[in-house]
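The structure appears below as structure tokens.
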Amino acid sequence: MAIVTLTTDFGHKDYYTAAVRGTLFSMFPEIHIEDISHGISKYNILQAAFVIKNAYQHFPKGSIHIIGVMTHTRGEISEGDKVLDAIDHVALEYDGHYFIGADNGMFSYLLDFAPDKIITLKIQKDTAQESFPTKDVFCKAAAHLARGGTLEVLGSPRNSLNQGGIIQAFAEGGNIRGEVIYVDDYGNAITNITETLFNQTSKSRSFTISTKLSGYNIRRLTENYHETKEGERLALFNSSGYLEIAMNLGHSSNLMGLKVNDVVRVEFKDE
């Protein structure tokens with residue numbers, strides 16, 4: 001049975017998700033659809049990439065992942081004070097899975113290595129409308145793959161994808177500078193500081209984790225959330241291998257005011 005996952009910024013109020021699901025069932029009634037998330041913040045490709053990166057690997061190889069976030073193709077779209085240029089739609093094969101989405105820089109956050117294949121989608125739409133590519137383009141590509149079709153039929157091959165502008169965590173002067181890249185519904189602030197970078201830099205030294213809010217420094221790591229008292233802040237490396245600032249049965253993001261792109265520092269002390 002072909003599995004297709006959906007990740008979008010549609011939310012749960014409108015008809016958009018139902019329209020996509022209905023289109024997929026109409027094209028291939030035997031298809032199996034799983035929702036990863038429809039709560040991605042509007043146009044937030046970094047958030048979408050983080051969620052998909054930590055979810056797709058738990059699905060069987062051969063699964064098809066539709067990403068309906070910032071999918072504009074013609075003209076321009078405004079995001080706050082920014083104006084975004086038109087972008088291509090792509091389908092790619094990576095790590096035994098298929099991904100369908102917009103080449104908007106998201107894949108540079110999602111992928112750890114180069115895809116096996118990348119195709120620029122050239123799919124004829126049923127209408128001249130350009131406003132709903134997740135339904136009118138991505139569903140056709142997903143249904144084709146679900147039936148056992150090949151990527152090559154969907155468009156023209158390409159060698160690379162657009163790169164996003166995220167700043168990676170890095171070691172500087174024996175310390176680490178990173179950023180919050182995601183805040184989950186529990187208020188846990190997840191950073192881009194990996195356990196590998198931490199271990200390479202720490203050399204078993206004591207440390208202080210600091211954020212923009214003074215007086216809330218953390219000086220030890222825990223293995224789980226319940227090693228601390230209720231309401232106490234903590235830091236740990238989560239199941240994805242990223243440093244997470246959390247609170248036992250609390251909401252660390254509210255308490256510490258942490259938001260995406262806020263700087264997080266780890267300063268090591270020489271004994």
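Values quoted throughout were computed directly from the atomic coordinates according to the rules given, and no laboratory measurement underlies them. Just so you know, these numbers come straight off a predicted model, no measurement behind them. Glycine gets a Cβ as well: all are built from the backbone with ideal geometry, and neighbour counts include every protein chain shown.
Within the set of other residues whose C-beta is less than 15 Å from the C-beta of HIS97, count the net charge using Lys and Arg as +1 and Asp and Glu as -1. Could the numbers behind the result be given before it?
Numbers: positive: LYS53, LYS61, LYS117; negative: GLU34, GLU93, ASP95, ASP112, ASP116.
Net of charged neighbours comes to -2.
Rounded, prolate or oblate, given the Cα gyration tensor of segment 108-167, with a/c below 1.5 counting as rounded? Oblate is the answer for segment 108-167, as a/c is 1.5 or above yet b/c matches or exceeds a/b. Stretched out straight at 0.36 nm per residue, the stretch from SER214 to GLU195 would grow longer than its current Cα-Cα span by 4.4 nm.
Take every pair of alpha-carbon atoms less than 8 Å apart whose residues are at least six positions apart; their mean separation over the length of segment 156-248 yields a relative contact order of 23 percent. Full extension of the chain segment joining GLN57 with LYS42 gains 3.0 nm, where the gain is 0.36 nm per residue of separation less the Cα-Cα distance. Rounded to the nearest whole angstrom, the semi-axes of the ellipsoid equivalent to the chain, taken from the Cα gyration tensor as √(5λ), stand at 38, 19, 18, largest first.
Cross-link partners for LYS122 among the lysines, with Cα-Cα distance under 24 Å and sequence neighbours closer than 8 places in the same chain left out: LYS135, LYS140. When you count the other C-beta atoms within 10 angstrom of each residue and take the mean per peptide, 100-113, 169-182 line up highest first as 100-113, 169-182. Averaging the Cα positions of each part gives two centres, and for segment 86-122 and segment 229-250 these lie 32 Å apart.
Just need the relative contact order of the chain here, percent rounded to a whole number, with Cα pairs under 8 Å and 6+ apart. Provide the component values of the computation, followed by the final result.
Numbers: 562 pairs, mean separation 40.8, N = 271.
Computed value for the chain: 15 percent relative contact order.
Ignoring aspartates and glutamates fewer than eight residues from LYS125 along the same chain, the ones with Cα atoms less than 15 angstrom from its Cα are ASP88, ASP136.
Assuming R0 = 51 Å, can you tell me the calculated FRET efficiency for the pair HIS12 and GLU267, based on Cβ-Cβ distance, to the nearest 0.05? Walk me through the intermediate numbers first.
On the way: r = 42 Å, r/R0 = 0.82.
For R0 = 51 Å, the calculated efficiency reads 0.75.
In summary, segment 95-194 shows an alpha-carbon radius of gyration equal to 1.41 times the 2.2 N^0.38 Å reference for compact globular proteins.
At a 10 angstrom cut-off on C-beta neighbours, averaged per residue, how do the peptides 238-245, 208-215 rank from highest to lowest? Intermediate results must be reported in sequence, preceding the final value.
Details: 238-245: 17.9, 208-215: 14.4.
Put in order of decreasing packing, that is 238-245, 208-215.
Size descriptors for segment 201-248 (Cα atoms only): Rg and Dmax, in that order, 11.0, 31 Å.
At full extension, SER240 and GLU152 could sit 28.4 nm farther apart than now, given 0.36 nm per residue minus the alpha carbon distance. P(r) tail for segment 3-157: Cα pairs beyond 18 Å make up 55% of the total. Over segment 170-269, the fraction of Cα-Cα pairs per 10 Å bin, rounded to whole percents and listed from the shortest bin up, is 17, 55, 27, 2.
Compare the peptides 39-46, 63-70, 220-227 by average per-residue count of other Cβ atoms within 10 angstrom and give them in order, highest first. All intermediate terms of the calculation are to be shown ahead of the outcome.
Working: 39-46: 18.6, 63-70: 24.1, 220-227: 13.0.
Taking the mean over residues of other Cβ atoms within 10 Å, the ranking is 63-70, 39-46, 220-227.
Label points 7 Å out from Cα along the Cβ direction at LYS259 and ASP88: separation in nm? Roughly 3.5 nm, to one decimal.
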